[in-house]
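In what follows, a single structure is set out as structure tokens and then discussed.
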Amino acid sequence: MGEYVMGVGASDAAFALSGACIHSLRFAFGTPLGYPYAPKLSDEGGSPPEALFRRIQVASPPPTRGGDPWQTGMMLAKQPFDPETGAGKLADVTCEEGIPSLDAPEPGTVVLDEWFRVGRQDGQVDFPGNDQGRYTLSIKYWSPIPEGQTFTQKTVAYYTGDLTMKWSRDLAAGDWVAISFDGFWPPERDSADLILQIPECDGRCSTPQSA
């Protein structure tokens, strides 16, 4: 029986944010979405693998963009996006056409770098998801929603739900992070990274709270 998630498309995969706080990140992940330029999952004539292994890397603060601040080229209400005032309006953030991807992060800024397994099972994914507005994409990216429509549902062949991954160091509420499923590499990669602001702990991260 398939699982059901809601999310956003990036790197021919669906990411759905379950939660984020100063201690950890929780998310669901499904692939593929049918991105026209994505490589095939199996060789011609071969059987699809039983599982895929994907890498997640997170940096805080987000890496620079072509040497400039990460928010360069991001717009909100036709004005340059200001992280200090625009955090609550991420659903309305857009990216200018052709801006560079985020740079490779400085090693000291990496707060998560792990591989995870995505088993072969069907999942139904809604676009947009109910996590819309809790993060934004780093560049303008292909959308699985057909032109002229505002909603679509996709079936993915590989899905894993509600993964919890702890940061290598505690973050502070208000910190910004960038999430990449391609290791922020190469600079000309054909994928989008995700950018979000860390809220206070919601008590659902399974991390003991200090008194």
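The values are calculated or read from the model by the stated rules, or taken from the named source; none is laboratory data. What you see is a predicted model, and the numbers here were worked out from it, not measured in a lab. Heads up, the Cβs are rebuilt from the backbone with ideal geometry, glycines too, and the neighbour counts pull from every protein chain shown. Ligands, DNA and RNA are excluded from the accessible area calculation, which covers all protein heavy atoms including side chains. Shrake-Rupley method; radii C 1.70, N 1.55, O 1.52, S 1.80 Å.
Could you give the semi-axes, largest first, of the ellipsoid that matches the range 94-140, computed as the square roots of 5 times the alpha carbon gyration tensor eigenvalues and rounded to whole Å?
25, 21, 11
Taking +1 at the Cβ of each Lys and Arg and -1 at the Cβ of each Asp and Glu, which of Thr109, Ser191, Val125 sits farthest along the dipole of the chain towards its positive end, judged by Cα position relative to the Cα centre?
Val125
Relative contact order, percent, of the range 66-155 when contacts are C-alpha pairs under 8 Å separated by at least 6 residues?
31 percent
What is the percent carbon and sulfur in the accessible area of the range 22-143, measuring with a 1.4 Å probe over the protein chains and ignoring ligands? Numbers along the way, then the final one.
Details: 3230 of 6530 Å².
That share works out to 49 percent.
With a 1.4 Å probe and every protein chain left in place, tell me how much accessible area Arg169 has, in Å² to the nearest 10.
Answer for Arg169: close to 90 Å² accessible.
Roll a 1.4 Å probe over the protein heavy atoms and report the accessible area of Glu114 in Å², nearest 10.
My reading of the accessible area for Glu114 is about 80 Å².
Kindly report the accessible area of the chain per residue (heavy atoms of protein chains, probe 1.4 Å, no ligands, DNA or RNA), in Å².
Details: 11010 Å² over 211 residues.
About 52 Å² of surface per residue is accessible.
Could you check which residue among Ala51, Ala59, Ala87 shows the biggest mean-square fluctuation in a GNM of the chain with a 10 Å Cα cutoff?
Answer for the Gaussian network model of the chain: Ala51.
Treating only the Cβ atoms of Lys and Arg (+1) and Asp and Glu (-1) as charged, compute the dipole magnitude of the range 56-211 about its Cα centre; round to the nearest 20 debye.
Using only the charged Cβ atoms, the result is roughly 320 debye.
Quote the accessible area belonging to Arg117 in square angstrom, nearest 10, computed with a 1.4 Å probe and with ligands, DNA and RNA left uncounted.
Arg117 exposes around 130 Å² with every protein chain in place.
Which whole-number percent is the relative contact order of the chain (Cα, under 8 Å, 6+ apart)?
Computed over the chain, the figure is 34 percent.
Which whole-number percent is the relative contact order of the range 123-211 (Cα, under 8 Å, 6+ apart)? If you can, show how the numbers build up before the last one.
On the way: 85 pairs, mean separation 31.0, N = 89.
Averaging sequence separation for qualifying contacts and normalising by length gives 35 percent for the range 123-211.
Looking at (i) 30; (ii) 34; (iii) 22, which value of percent of Cα pairs over 29 Å apart comes from a calculation on the structure shown?
(iii)
Given H placed 1.01 Å from N in the peptide plane, which residues other than close sequence neighbours of Arg65 have an amide H under 5 Å from its amide H?
Placed amide hydrogens put Trp70, Asp103 under 5 Å from Arg65.
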